[in-house]
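Heads up: the structure comes next, in structure tokens.
Rule-based calculations on the coordinates, nothing more; no lab input. Just so we're clear, the structure is a prediction, and the values are computed from it rather than from any experiment. Note that we place each Cβ from the backbone using ideal geometry, even for glycine, and neighbour counts take in every protein chain shown.
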DNA sequence: TCCTCCTACGTCAACGTTGACGTAACCAGT
DNA sequence: ACTGGTTACGTCAACGTTGACGTAGGAGGA
């Protein structure tokens, strides 16, 4: 509507009849301004509706902080990602830091572009969920000195902090529980194998089988399931195998839901056991309620944020790989015994 | 790790043996640089790893654009909010614009603070889900000329674009459908009445009753249910009334889930009809699948983003209140007949 | 041949702010 | 009265970039 120019320190200074520098001092609460001048400047700022320009300020200041961090996740509308974003945001707020958020959709070129955009805006640091495959862009960015923390997936290069959950251990635990209930034919359904998390969960599955003294049936392993449709198709195929698996371990959110749908459609949901990695809303309301490995998402986000902020503050201790424990939430579907 | 200074145009200029201005021209693809100079500058920029500083650029440029918009929602981890954020983000990406996101938690002071933070960073515009109650802070911001679009809830002040869904009409439709299935005692469970959406949905409920020739039973109306717990308590109370409502209209996401839980606990889920406002993941997997009024969240977000961008580009046509139609998704729970 | 116009540069100042430093006034201590 | 220190300001330049404008040299026309 109006094309009013934002008032600047100059305007305030003129109105308060002081120098620009004095306005700066008052605005930043620095000493060197008498009480009556402070009052005059405050009044002038108020009547003009003055608000400091952080971009100008950070350009000039020696630390060059923009009080902004970048968050680059796979898909901000995914419940895991958005919960993580929220956790990072909350922690950032404590530092007066705002969050520039973007979705990379697991596309290297998108991630690269967004990385560039963030760099161009001179964010103080980044929290990144790396896309699968090459991490060259991330590494380059990191090598320029940008404080960066990887979440959910660790870096394939060195010198960078990361925060992940107990993917392998918790997967092993899930499989062991299935085995302890008497299952011998336990299928694995997983996400893209380019993702570190998928690989880890698969390794955990293998370890679980081994520990339980079970033999791997290759025909019960389906990986690289992108999205619910692929998961449904794979589940259907698995259930056609002979002997049919009596338990499923689904290594990701959407895969779990897809598998559930098929089990339900075939009326096997009360007979085939299911444990999923990643909790999801309403898992407890389903029928049977779904047993899952639950990540502590707030803890993941908080930890990631704390790590970036420490680096931003100049912490130069060796890189950390923080691991946040996940828990097996027993709700019913994972406690079904074989027929 | 390194405290390398980011290279600037000066550095590039020095290496390419041209003036800073020429570097600027090359970087921005402006005419006035010969092909061989362009190549020299490009090479220099590449070897130094130069990246333009958008904050400095936007400070100096006449349009002062930061290529960043602010998004202020209630809770970014809420599925509705995060889906909306994603839609805005996608639209913003087309314009090369990044999104600064924050959660106001429906707290006026938090909203005010975040608004301030965004203003301080000189975002080009804002997409805001207003907190309930007074909108003074928003109005002030708007009156300064900041391009702003309200989503989900319209402004209580004039001169500002907004995008909402057909809260009232769709609620009426839902109630009418319940009535058409023979229900006469239809309960209403709603969110905080300070929220415009809640009021509208309640009005739609009243209109639905009226159109169906049903009399309002005040004892079947529960509003101001904050969170799932309150919703559960209210549902329990309602189911104790005599005569018991044979259908529930739950006017919000979490309320719907709370009501579902209680119905399930009392084993009434197959006997009491339920229609909820707002779809939620897995609603189709419940038992019975939940009939809901589904908002077109991507359309809401896209439209909101388009409106801000139009205003940012200088569009001065009168403010728009865009309404995106919601649809009734019949899944079963809303098609149960009274006993 | 001279004048004009265009192209490819360069110079300068400014965007809004703050670091470095200067200075006038005042106070305490001797 | 003089020194030394402190307080409360002010002046100046710079952060990295771009708008406004200047200029040298060549092309083109009369």
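Just a few scattered comments:
- Entry note: the stretch A:8-69 has Rg to Rh equal to 1.00, where both radii use alpha-carbon atoms and Rh is the Kirkwood radius.
- With Cα atoms, 0 to 90° folded angle of helix B:297-312 axis to chain B main axis: 40
- Length-normalised contact order of chain B in % [C-alpha pairs under 8 Å, at least 6 apart]: 16
- Here is how far apart the residue B:43 label points are across copies: 6.4 nm, shortest first, using a point 7 Å from Cα toward Cβ.
- The convex hull built on the alpha-carbon positions of the stretch A:202-339 has an orientation-averaged projected area of 10.2 nm².
- With Rh defined as the Kirkwood radius, the inverse of the mean 1/r over Cα pairs, the Rg/Rh of the stretch B:204-254 is 0.97.
- Applying D = kT/(6 pi eta Rh) to the stretch A:72-136, where Rh is the Kirkwood radius over alpha-carbon pairs, T corresponds to 20 °C and eta to 1.002 mPa s, the Stokes-Einstein value obtained is 175 µm²/s.
- D by Stokes-Einstein for the stretch B:298-339, Kirkwood Rh over Cα pairs, 4 °C, 1.567 mPa s: 96 µm²/s.
- With the convex hull constructed from alpha-carbon coordinates only, the stretch A:93-232 shows a mean projected area of 10.7 nm² over all directions.
- When only alpha carbons of the stretch B:178-273 are considered, Rg and Dmax amount to 12.3, 33 Å.
- Teacher prompt: residue B:61 distances to equivalent labels in other copies, 7 Å Cα→Cβ, nm: 2.3
- Fraction of beta bridges assigned by DSSP in the protein assembly as shown that are antiparallel (%, nearest 5): 10
- According to the calculation over all Cα-Cα pairs in the protein assembly as shown, the P(r) per 10 Å bin from zero is 3, 14, 21, 23, 20, 12, 6, 2, 0 %.
- Along its three principal directions, the equivalent ellipsoid of the stretch A:245-301 from the Cα gyration tensor extends over semi-axes of 22, 11, 9 Å, largest first.
- Range of Cα positions in chain A per principal axis (Å), largest first: 88, 39, 32
- Teacher prompt: residue B:243 distances to equivalent labels in other copies, 7 Å Cα→Cβ, nm: 5.6
- Degrees, to the nearest 10: A:35-48 long Cα axis against longest axis of chain A: 70
- Relative contact order %, the stretch B:26-144, counting alpha carbon pairs below 8 Å whose residues are six or more apart: 27
- When the P(r) is computed for the stretch B:148-227, the part past 17 Å accounts for 50% of the Cα-Cα pairs.
- Reciprocal mean inverse distance between Cα atoms of the stretch B:158-199 - Kirkwood radius, Å: 12.3
- Bins of 10 Å from zero: percent of alpha-carbon pairs in the stretch B:44-161: 13, 42, 30, 11, 4, 1
- In chain B, the longest principal axis of the Cα atoms and the axis of helix B:196-211 are about 30 degrees apart.
- Distance from the C-alpha centroid of the stretch B:235-272 to that of the stretch B:282-337: 25 Å, rounded to the whole angstrom.
- Computed over the stretch B:257-333, the P(r) tail beyond 15 angstrom holds 63 percent of alpha carbon pairs.
- Cα centroid separation, the stretch A:8-28 to the stretch A:162-193: 63 Å.
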